[in-house]
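K.L.:
Before I ask anything, here is the structure I am working with.
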Amino acid sequence: MSGFDISMYRDMFVEEAEELFESADNVLLEAENNGSLTDEEMGQLFRDVHTLKGSGASVELAFFAEFTHDVENMMDKLRNHQIAFIPEMAGTLMDGLDVMKEILQMECNDEMNREKFTEMTSELLVTIRAYINAEGASSLASVKEVQAEEVKTVEKTKETPSSNSSESWGFFGEETANDSTESVSSDENFGFFDEAEKITPQSKIEEPIKVEEPKVEEVKTTPKATTPASKVSSKKEAPTKKVVASTIRVNLDKIDLLMNNVGDLVITNAMLTQYSTTIKETKVRNSVLERLELLERHIRDMQDSIMSIRMVPMESIYSKFPKVVRDISKKLKKKIEFKHEGDSVEIDKAMIEGLTDPLMHIIRNSLDHGIEMPEDRVSAGKIETGTILISAEQANGQMIITIKDDGKGIPGEKVAQKSLENGLIDEQQMATMTDNEKAMLIFGAGVSTAESVTDISGRGVGMDVVKTNITKLGGVINLDTEIGVGTTITIMLPLTLAILDGLDIAVGDVKYILPLSAIVESLQPTSEMIKRIGDGTQDLLMLREEFIPVVRLHQLFDIEPQHTKLEEGMLIVVKSGTTKIAMFIDEFLHQHQVVVKPLDKNFRSVEGIGAATVRGDGSIGLILDVMGIIEAQKKSESLHADHREPRKRNLVAS
Amino acid sequence: MKLLIVDDSTMLRDMLSYALNEGGYNDVVEAIDGLDGLEKASKAQYDLIITDINMPNMDGLTLVTELRKLNQYSKIPILVLTTERSDDMKTKGKAAGATGWIVKPFVPDQLLKAVNIVLTK
């Protein structure tokens, strides 16, 4: 295909394929559970796989298209009731989809060849073809196969007497009948629909081309054989006219741009308002201000509408899980039921990416370590089948996602022991911790209680990554576990990444915005609360038996502050993960919602600054990145590592 | 010339648009399935419609049948995209009232040739 950048379209296809696979997998999962397939589901399955084949072939994924063709064939037969659905077929078809995924990946990476293809597909193809040929419609099936072969032979015998043998289209119309009858030969890739009789002479043309091939004779029976069946299928498709709201795909960047534009509008509005207050004539001033207020309200409505565009239902995350649960529980020989609630609860699209992996990891952990083997469950007096429930709800301006299993729970003692070995906690801390607090330590780095490492989870990396990812999204993760009863993990997230609740803080004459979600508490310290350690540059805040390192923001950002004595200013205790620091500032001002804007790439990234916003008066406000500030603090700490060593452990607050 | 392409695959819509644009057809509107296609077609007049057959919500052949019922599309050329060249497809395509067919995967030159023929006859 000259002029086409296939690789670009391939990327697009891979993305599209992922959705189609997911859709087909879920239909099949349902079918496997229910032991039945509705006509509608069969239709959808066929369409999904058909699109995969067609699009795959369009981006020149020959192996992929070749194998998909067989899977499609089977689905076509199911759809047309030429073969009856039996529950085992769902498994075979899912295996088929898995192989398709593998082929797709390998072919995209240029790792595919005929040998590998045969190795990967031959076994499954035997099963699939056996199913295809199983039921009474064996004559039809053989016709289909012959058809398929015929297409191949046609491709091989590319040269035909006809002038434009390479055509890939055709017409059915009468007007073009005269000039198209000779041009439209059997291997045309296009054609025009002619009168019914005209088709027969056209198809006769193929006879002289391959008279030597005996199979062609069989092909001739095709129209008679397939017509009755086709009538059945067309009847079925036609009445299912579902009224579905039409949707379009829009790049998230475009919505962000729109959001930015509205942000600019807010600023312009604020400037206008400010300017209007200088109008001398009271009557004019008041009516202008009144109208500007109206404008502001409209802009706010618009902001809300744009936000709602970014929202997608949780379903789009959930749909990835059933297949994983099925595959893993099969592998582990466990019986697990996966339930989900709150499918229609909406979440910011920008969060989905960051949220899918952590949730997947938590579910894998539950599958692997949480839910027990069926026999263990029975002997523990539980029902054989374990349950994993994921639910989502919006409450108090937050998104709350819960993953609950009825497995064996997390052994806090074991986790704490491991954390102790890894130096995450000390013995004294361990002694004062509750079982649940101990279990919470699995969010620390390198902690896994699994006796053996499996390929599903248990390498001890993961839960800490889960926590980091959730923190990155501005969220909080919590855990509640009871031995023998189960584990519940709760994730609380802001509703959107685009707007956050911030607190204005002042250092010297600079104002920063601190995300409210990071704040633990704020206080004006007394001198007894401050301990100076090391070479005298590091202060520690002693708060309820806990030592919290103090970070002087004016030092970090190199600003002339109003106060240099800690007792005179304010300390705000912030938290990221399990680490707390106390930020020293001059004062805190008011709290407000800000529209988060990423810092332009042409700004050098500054440690401790995460993003920016535009304030009502048009000035730029910088949003503090608490995690970054903690990192900076850790770095300066390790510079003085030798002085810090004795108390380093205390820094990690539980 | 105003063209409408109907396909549920974003990628194929992109490929079709690209090929048509290269061929000098710049006014190309996309629809994501039969229903969307029908709605778009009834809101504006198109000179040619190219539609996929297998689509959710409304398949391509139903779309052709529905379009042919409308006065404004009784004579407008409609091409269907198909993965097979079977007589069965030809019978159904003709019965629905389509003008012609194009095999998927399509070659841009071939696509343009078919389009040029239906638009100039």
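K.L.:
Return the only residue of A:Val345, A:Val325 being touching a residue at least 40 places away in the same chain (Cβ under 8 Å), in contact with a Phe, Trp or Tyr (Cβ under 8 Å, 6 or more places away or on another chain) and not assigned by TED's automatic domain parsing to the domain that holds A:Asn33.
P.N.:
Details: A:Val345 fails: in contact with a Phe, Trp or Tyr (Cβ under 8 Å, 6 or more places away or on another chain).
After ruling out the rest, the residue left standing is A:Val325.
K.L.:
Now a separate question. Tell me which residues, restricted to region A:502-528, are surrounded by fewer than 17 Cβ atoms within 10 Å (Cβ to Cβ) and of a type outside the set (Val, Ile, Thr).
P.N.:
A:Gly508, A:Asp509, A:Lys511, A:Leu516, A:Glu521, A:Leu523, A:Gln524, A:Ser527, A:Glu528
K.L.:
Which of the residues belonging to region A:542-574 are in contact with a helix residue (DSSP H, G or I) (Cβ under 6 Å, 6 or more places away or on another chain) and without any contact (Cβ under 8 Å) to a residue 60 or more places away in the chain?
P.N.:
Selection gives A:Met542, A:Pro561, A:Glu567.
K.L.:
Could I ask something else about it? Any idea which residue in region A:1-25 is farthest from the other protein chains (Cβ to nearest Cβ), counting only those that are over 29 Å from B:Asp109 (Cβ atoms) and either touching a Gly at 6+ places or on another chain (Cβ under 6 Å) or surrounded by fewer than 19 Cβ atoms within 10 Å (Cβ to Cβ) (or both)? Outline the logic, then answer.
P.N.:
Quick first cut of region A:1-25, residues over 29 Å from B:Asp109 (Cβ atoms) only: A:18-19, A:21-25.
Then drop every residue that is not either touching a Gly at 6+ places or on another chain (Cβ under 6 Å) or surrounded by fewer than 19 Cβ atoms within 10 Å (Cβ to Cβ) (or both), which leaves A:18-19, A:22-23.
Numbers: A:Glu18: 12, A:Glu19: 10, A:Glu22: 14, A:Ser23: 10 Å.
The selected residue is A:Glu22.
K.L.:
Quick one: how many residues across region A:12-54 are of a type outside the set (A, V, I, L, M) and more than 19 Å from the chain's Cα centre (by Cα)? Can you show your working first?
P.N.:
Looking only at region A:12-54, we keep the residues that are of a type outside the set (A, V, I, L, M), and these are A:13, A:15-16, A:18-19, A:21-23, A:25-26, A:30, A:32-36, A:38-41, A:43-44, A:46-48, A:50-51, A:53-54.
From what is left, the residues that are more than 19 Å from the chain's Cα centre (by Cα) are A:30, A:32-36, A:38-41, A:43-44, A:46-48, A:50-51, A:53-54.
Residues that pass the stated criteria total 19.
K.L.:
Against the condition assigned by TED's automatic domain parsing to the domain that holds A:Val626 and either outside any loop (DSSP other than H, G, I, E, B) or among the charged types (D, E, K, R) (or both), how does A:Ile548 come out, does it pass? Before the answer, list the steps.
P.N.:
Details: assigned by TED's automatic domain parsing to the domain that holds A:Val626: yes; either outside any loop (DSSP other than H, G, I, E, B) or among the charged types (D, E, K, R) (or both): yes.
For A:Ile548, the condition - assigned by TED's automatic domain parsing to the domain that holds A:Val626 and either outside any loop (DSSP other than H, G, I, E, B) or among the charged types (D, E, K, R) (or both) - is met.
Table: residues versus (1) under 18 Å from A:Glu315 (Cβ atoms); (2) part of a loop (DSSP other than H, G, I, E, B); (3) assigned by TED's automatic domain parsing to the domain that holds A:Met89; (4) of a type in the set (Val, Ile, Thr).
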| position | (1), (2), (3), (4) |
| --- | --- |
| A:Arg10 | no, no, yes, no |
| A:Glu15 | no, no, yes, no |
| A:Glu19 | yes, no, yes, no |
| A:Glu22 | yes, no, yes, no |
| A:Val27 | yes, no, yes, yes |
| A:Glu30 | yes, no, yes, no |
| A:Leu37 | no, yes, yes, no |
| A:Gly43 | no, no, yes, no |
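K.L.:
Is it the case that A:Asp343 is surrounded by fewer than 18 Cβ atoms within 10 Å (Cβ to Cβ) and part of a loop (DSSP other than H, G, I, E, B)? Please lay out each step first, then the result.
P.N.:
Values: surrounded by fewer than 18 Cβ atoms within 10 Å (Cβ to Cβ): yes; part of a loop (DSSP other than H, G, I, E, B): yes.
Answer is yes for this residue.
K.L.:
Can I ask one more? Residues of region A:277-302 being loosely packed, with under 14 Cβ neighbours inside 10 Å and of a type in the set (A, V, I, L, M, F, W, C), which ones? Spell out the reasoning first.
P.N.:
Pass one, region A:277-302, residues loosely packed, with under 14 Cβ neighbours inside 10 Å: A:277-278, A:280-284, A:286-287, A:290-291, A:293-294, A:297-298, A:300-301.
Scanning region A:277-302 gives A:Val284, A:Leu294.
K.L.:
Can you tell me how many residues in region A:90-112 are surrounded by fewer than 20 Cβ atoms within 10 Å (Cβ to Cβ) and not in a helix (DSSP H, G or I)?
P.N.:
3
K.L.:
Does A:Asn261 count as more than 30 Å from A:Glu41 (Cα to Cα), in contact with a helix residue (DSSP H, G or I) (Cβ under 8 Å, 6 or more places away or on another chain) and modelled with pLDDT under 85? Steps first, answer last, please.
P.N.:
Numbers: more than 30 Å from A:Glu41 (Cα to Cα): yes; in contact with a helix residue (DSSP H, G or I) (Cβ under 8 Å, 6 or more places away or on another chain): no; modelled with pLDDT under 85: yes.
Criteria not met by A:Asn261.
The rows are residues; the columns are (1) of a type in the set (Lys, Arg); (2) under 27 Å from A:Gly91 (Cα atoms); (3) touching a Cys at 6+ places or on another chain (Cβ under 7 Å).
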| site | (1), (2), (3) |
| --- | --- |
| A:Lys331 | yes, yes, no |
| A:Lys335 | yes, yes, no |
| A:Lys339 | yes, yes, no |
| A:Ala350 | no, no, no |
| A:His369 | no, yes, no |
| A:Gln394 | no, no, no |
| A:Gly407 | no, yes, no |
| A:Pro411 | no, no, no |
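K.L.:
Looking for something of a type in the set (A, V, I, L, M), assigned to a loop (DSSP other than H, G, I, E, B) and modelled with pLDDT of 50 or more - is there at least one such residue anywhere in region A:229-241?
P.N.:
The initial filter retains those residues of region A:229-241 that are of a type in the set (A, V, I, L, M), namely A:229, A:232, A:238.
Right, trim to assigned to a loop (DSSP other than H, G, I, E, B) and you get A:238.
Then drop every residue that is not modelled with pLDDT of 50 or more, which leaves none.
Checked region A:229-241: no residue is of a type in the set (A, V, I, L, M), assigned to a loop (DSSP other than H, G, I, E, B) and modelled with pLDDT of 50 or more.
K.L.:
Could you tell me which of the residues A:Thr537, A:Thr481, A:Thr471, A:Thr496 is buried (at least 18 other Cβ atoms within 10 Å of the Cβ), on the phi < 0 side of the Ramachandran plot and at pLDDT below 75? Write out each step before concluding.
P.N.:
Details: A:Thr537 fails: buried (at least 18 other Cβ atoms within 10 Å of the Cβ); A:Thr481 fails: at pLDDT below 75; A:Thr471 fails: at pLDDT below 75.
The conditions single out A:Thr496.
K.L.:
Just for region A:265-276: of the residues that are within 17 Å of A:His298 (Cβ to Cβ) and touching a residue at least 60 places away in the same chain (Cβ under 8 Å), which one is surrounded by the most Cβ atoms within 10 Å (Cβ to Cβ)?
P.N.:
Here the answer is A:Val266.
K.L.:
Need the failing condition index for A:Leu61 against (1) surrounded by fewer than 23 Cβ atoms within 10 Å (Cβ to Cβ); (2) more than 22 Å from the chain's Cα centre (by Cα); (3) among the aliphatic types (A, V, I, L, M), just the number.
P.N.:
(1)
K.L.:
In the set A:Met74, A:Met1, which member is modelled with pLDDT under 85, out of contact with any strand residue (DSSP E or B) (no Cβ under 8 Å at 6 or more places or on another chain) and of a type in the set (A, V, I, L, M, F, W, C)? Steps first, answer last, please.
P.N.:
On the way: A:Met74 fails: modelled with pLDDT under 85.
None of the others qualify; the one that does is A:Met1.
K.L.:
Same structure, new question: List the strands (runs of 3 or more DSSP E) inside region B:3-115, counting only whole elements, that have at least 3 residues being out of contact with any His (no Cβ under 9 Å at 6 or more places or on another chain), surrounded by 21 or more Cβ atoms within 10 Å (Cβ to Cβ) and within 7 Å of another protein chain (Cβ to nearest Cβ).
P.N.:
Numbers: elements: B:27-31, B:48-52, B:78-82, B:100-103.
Hits in region B:3-115: B:100-103.
K.L.:
For region A:46-89, which positions are of a type in the set (Lys, Arg) and either assigned to a loop (DSSP other than H, G, I, E, B) or in contact with an Asp or Glu (Cβ under 6 Å, 6 or more places away or on another chain) (or both)? So that I can check it myself, show each step before the final result.
P.N.:
Here is the first cut: in region A:46-89, the ones of a type in the set (Lys, Arg) are A:47, A:53, A:77, A:79.
A:Lys53, the sole residue that qualifies.
The values are calculated or read from the model by the stated rules, or taken from the named source; none is laboratory data. Just so it is clear, the structure is predicted and the values come from calculations on it, not from any experiment. All Cβ positions, even for glycine, are placed from backbone atoms using ideal geometry, and neighbour counts span all protein chains on display.
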